[in-house]
Structure formats: structure tokens, C-alpha cells
1. Conditions: (1) at pLDDT below 95; (2) surrounded by 15 or more Cβ atoms within 10 Å (Cβ to Cβ). C6 meets all but one. Number of the miss?
2. List the residue pairs whose Cβ atoms are under 6 Å apart, where the first residue sits in region 12-26 and is touching a residue at least 12 places away in the same chain (Cβ under 8 Å), the second is of a type outside the set (S, T, Y) and part of a strand (DSSP E or B), and the two are 6 or more positions apart or on different chains.
3. Return yes or no: is E28 farther than 15 Å from M1 by Cα and at pLDDT 95 or above?
4. Just the residues that are touching a strand residue (DSSP E or B) at 6+ places or on another chain (Cβ under 9 Å), crowded, with 17+ Cβ neighbours inside 10 Å and small (G, A, S), please, taken from region 14-45.
5. Just need a number here: residues in region 35-60 that are among the hydroxyl-bearing types (S, T, Y) and in contact with a Gly (Cβ under 7 Å, 6 or more places away or on another chain).
Amino acid sequence: MIAPNCSIVGVTHEFSQQGVSNIDVFNEITIQHGVWIGAGCIILPGVTIGPCSVIGAGSVVKKNIPPFHIYLGTPSNFRLEKLKDWCKRV
């Protein structure tokens, strides 16, 4: 489930000492089964969100999220684990 006003950004640009190139670099984003993404989240390139995880509203996700985790904040931080029982109901 993905709430309103989320940005799932699968493209970036190469960065170097000379600056930012105009060449697009595509990095796949994987959102696995049973994931809930709160309103206004930003999911950055190359991220995998593990099954049955929850991303809190307004979070910026810039690294992989393991299964069964709640992730909150900007940038996001792990807050809770142990969602396995909840996921069985999804």
C-alpha cells in the first residue's frame, strides 16, 4: 500500500569533481510484498524495501530496509522490529 504524495525516484545523475553530468543513471527500486508506505515518503534510487515493512509518513529512504521493520524519519532510522505476526494478517 502506498499513501498519497509519495515520490519513488529511480533515476539520478553521475557526480564527480567536475560536477553533475547530464547522463541519467537508473537504479531499480524494489518494494516487496506487504509493504506499507506512509504519505509523503521519498524512496531514493537503488533501494529495496523488505517484505512486511512499514515506512512512516514523510520518511526519506536512502538505504535498504530489512523485512519486518518499521522505518521512520528524515533520513530514516530503524525504530522497531518484530512485525512478523502483523505480516501474517496482511
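1. Failing condition for C6: (1).
2. So the pair list comes out as T12/V25; H13/V20; D24/V11; V25/E14; F26/V11.
3. yes
4. Answer for region 14-45, where residues must be touching a strand residue (DSSP E or B) at 6+ places or on another chain (Cβ under 9 Å), crowded, with 17+ Cβ neighbours inside 10 Å and small (G, A, S): just G38.
5. Total satisfying the criteria: 1.
The values are calculated or read from the model by the stated rules, or taken from the named source; none is laboratory data. Computed from a predicted structure; not experimentally measured. Every residue, glycine among them, receives a Cβ derived from its backbone with ideal geometry; neighbour counts consider all protein chains shown.
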